[in-house]
Amino acid sequence: EADIYQTPRYLVIGTGKKITLECSQTMGHDKMYWYQQDPGMELHLIHYSYGVNSTEKGDLSSESTVSRIRTEHFPLTLESARPSHTSQYLCASSEGTSGGFEQFFGPGTRLTVL
Amino acid sequence: TQLLEQSPQFLSIQEGENLTVYCNSSSVFSSLQWYRQEPGEGPVLLVTVVTGGEVKKLKRLTFQFGDARKDSSLHITAAQPGDTGLYLCAGPQVSNSGYALNFGKGTSLLVTP
């Protein structure tokens, strides 16, 4: 059973608000990821981290930012939310040099921006 | 980006039927993974296939990796309502994002009693 948590599970906010989506894992994994998922579409990588103080942007351009101050914590922040940010956000983690690159996912945050 | 095409996109069957879903790419992958995602939850890893031609069984689920490592299939025998969900295939990206995964769009399976 994977131990990776995301809060909140659901969030409905107004345009212009600043929000932070939380993600924590207790498995000691160095690598963590944020994906964006829309209905009928692929999961798109928006941010990843190889360890503390390491963050990179993924393939899908995103106005969000991330930080990795502690191994277990990888929050995602939107400074000014817009309706185009409405989506499902999934956090994942993986072990260092796993040959199969298995990833463990949190339950996701469903964000709706009005 | 290495694209993964999954088919069919949607599948609705009755309990007890057999089914096969496919994951195809023009690129070679070092490995492929299959995940199942239930509504409101994150994907959960089912299996990883690594060797061309490999076949793995997980109870009623049989996974196969193509000889050329460009495609994979998932066969479910005697489907049950608990098999309902979104089935995603994924392969490691060959890019600066290192250990991240490319995902297909998934096959949405509905098994009715």
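The values are calculated or read from the model by the stated rules, or taken from the named source; none is laboratory data. Treat the numbers as computed from the prediction; the structure is a model and nothing was measured. Every residue, glycine among them, receives a Cβ derived from its backbone with ideal geometry; neighbour counts consider all protein chains shown. Side chains included, ligands, DNA and RNA excluded: accessible areas come from the protein's heavy atoms. Shrake-Rupley method; radii C 1.70, N 1.55, O 1.52, S 1.80 Å.
Reported count of residues in the range A:10-50, each being at the interface with chain B (Cβ under 9 Å from one of its Cβ atoms), of a type in the set (A, V, I, L, M, F, W, C) and surrounded by fewer than 20 Cβ atoms within 10 Å (Cβ to Cβ), is 1. How about the range A:1-20: which of its residues are more than 30 Å from B:Glu5 (Cβ to Cβ) and in a strand (DSSP E or B)? Listed by number, the residues that qualify are A:Tyr5, A:Thr7, A:Tyr10, A:Leu11, A:Val12, A:Ile13, A:Ile19, A:Thr20. Being farther than 28 Å from B:Leu86 by Cβ and open to solvent by 50 Å² or more (accessible area, probe 1.4 Å) is the filter; apply it to the range A:51-70 and report the residue that is nearest to the chain's Cα centre (by Cα). Only one residue tops the list, namely A:Thr65.
Pick out, from the range B:1-98, the strands (runs of 3 or more DSSP E) lying fully within it that include 2 or more residues that are open to solvent by 10 Å² or more (accessible area, probe 1.4 Å) and modelled with pLDDT under 95. Spell out the reasoning first.
Values: elements: B:5-7, B:10-14, B:19-24, B:32-37, B:44-49, B:55-58, B:61-65, B:71-76, B:85-92.
In the range B:1-98, the matching strands (runs of 3 or more DSSP E) lie at B:44-49.
Anything in the range A:98-114 that is within 9 Å of chain B (Cβ to nearest Cβ) and either open to solvent by 10 Å² or more (accessible area, probe 1.4 Å) or more than 10 Å from the chain's Cα centre (by Cα) (or both)? List them, or say none. Once the filter is applied, which keeps residues that are within 9 Å of chain B (Cβ to nearest Cβ) and either open to solvent by 10 Å² or more (accessible area, probe 1.4 Å) or more than 10 Å from the chain's Cα centre (by Cα) (or both), the range A:98-114 yields A:Ser98, A:Gly99, A:Gly100, A:Phe101, A:Glu102, A:Gln103, A:Phe104, A:Phe105, A:Pro107, A:Arg110. Only one entry of A:Glu102, A:Glu72, A:Glu79 meets the criterion of being in contact (Cβ under 8 Å) with a residue 24 or more places away in the chain, farther than 24 Å from A:Lys17 by Cα and of a type in the set (Asp, Glu), and that entry is A:Glu72. Of all residue pairs spaced 6 or more apart or on separate chains, those with beta-carbon atoms under 9 Å, a first member in the range A:40-56 that is part of a loop (DSSP other than H, G, I, E, B) and a second member that is basic (Lys, Arg) and loosely packed, with under 14 Cβ neighbours inside 10 Å are A:Val52/A:Arg70. Of all residues in the range A:51-97, exactly one satisfies the criterion of being under 14 Å from A:Ser24 (Cα atoms), away from chain B (no Cβ under 14 Å) and small (Gly, Ala, Ser), namely A:Ser67. Provide a single number: the residues in the range A:76-85 that are in contact with a strand residue (DSSP E or B) (Cβ under 9 Å, 6 or more places away or on another chain) and surrounded by fewer than 19 Cβ atoms within 10 Å (Cβ to Cβ). Total satisfying the criteria: 5.
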